[in-house]
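Here the structure is laid out as structure tokens; the discussion comes afterwards.
The values are calculated or read from the model by the stated rules, or taken from the named source; none is laboratory data. Because the structure is a prediction, the values reported are computed rather than measured. Virtual Cβ from ideal backbone geometry, glycine too; neighbours counted across all protein chains shown.
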Amino acid sequence: MCTPSTRPGAGFVDHQLWQNRERDPTSLRAEFDGLKGRAWLMTLLLARAYDSAVFSNPIGMDDDQLKNGCSMVLDPFGDVVAECRKLGEAMAVAVCSREKMEMAGRFRYRKARRPELYGHIVGKDRESKLAVTWMSK
């Protein structure tokens, strides 16, 4: 999981499971696929598939947090077309045709945009400020 959550079943995967991944991959896979990993992630990814966005997910230890990977490619309908399932380094590659993108309807909304109404707001220079409360604890 990327960030702490108060949602029941959420949290970080125990570091010890990663250390024992060679000897007991089943326990690690169960945690990575459950509410601390893939099951939780799929609820978000289905909603974001329509956005045609790109995200990556590391696997393994990142300082004191165990990252669960779950890297995958979804089509605009939210169907998984490629996925990394290895408990180590891997990469997923897939092709999504323009026809499929157009069938999903996303282009219809792009054509309806009216940047002349909001371009002066979005185009302004601004300074982003990172203020993540859980990082300061």
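Brief remarks follow.
- Considering the conditions (1) surrounded by 15 or more Cβ atoms within 10 Å (Cβ to Cβ); (2) more than 26 Å from D14 (Cβ to Cβ); (3) of a type in the set (F, W, Y), W40 is excluded by exactly one of them, (2).
- Those residues of the range 99-128 which are at pLDDT 80 or above, surrounded by fewer than 10 Cβ atoms within 10 Å (Cβ to Cβ) and closer than 18 Å to G78 by Cα, in sequence order: E99
- Top-ranked residue of the range 43-71 - restricted to ones that are touching a helix residue (DSSP H, G or I) at 6+ places or on another chain (Cβ under 7 Å) and more than 19 Å from V93 (Cβ to Cβ), ranked as surrounded by the fewest Cβ atoms within 10 Å (Cβ to Cβ): M61
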